[in-house]
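Visitor: Let me begin by handing over the structure; questions about it come next.
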Amino acid sequence: MSEAEAAPESSARVSITYCTQCRWLMRAAWVAQELLQTFRTRLGEVALVPGTGGVFRVELDPGDGRPAVLLWDRAVEGGFPEIPPLKRAVRDAVAPDLALGHTDRAAARD
């Protein structure tokens, strides 16, 4: 693989802060995997950030000078994020031209 192929196309960064006391690492890793699989090189990084106190928060720094955006906060929303709306929010911020396939079709039916 050449250096150009390995370099990310984007400096966008998603951080997923999860509660270690609640043992939510696997859930955070699953959310990260879903985002990395969908956005490939359109995200420069997906970081897992350990926290405590029941935290589960997903934030996006678009990496283009715009301020970071809170996409999900368990303290505000309750529960955990659904993946399709989370993917749409990330797409709208960093890759508006990207079609999400069945995720977009399901949203159109709602």
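Visitor: Go through the stretch 13-42 and count every residue that is modelled with pLDDT of 95 or more and either on the phi > 0 side of the Ramachandran plot or not in a helix (DSSP H, G or I) (or both).
Guide: Residues meeting the conditions: 12.
Visitor: Please enumerate the residues belonging to the stretch 45-68 that are in contact (Cβ under 8 Å) with a residue 24 or more places away in the chain, among the small types (Gly, Ala, Ser), assigned to a loop (DSSP other than H, G, I, E, B) and surrounded by fewer than 17 Cβ atoms within 10 Å (Cβ to Cβ).
Guide: GLY53, GLY54
Visitor: Are there any helices (runs of 4 or more DSSP H) wholly within the stretch 69-110 with 1 or more residues that are out of contact with any Asp or Glu (no Cβ under 9 Å at 6 or more places or on another chain), within 20 Å of ARG13 (Cα to Cα) and modelled with pLDDT under 95, and if so which?
Guide: 83-94
The values are calculated or read from the model by the stated rules, or taken from the named source; none is laboratory data. It should be emphasised that the depicted structure is a prediction, and the values quoted were computed from it without experimental measurement. Reconstructed Cβ throughout: ideal geometry from the backbone, glycine too, with neighbour counts over all protein chains shown.
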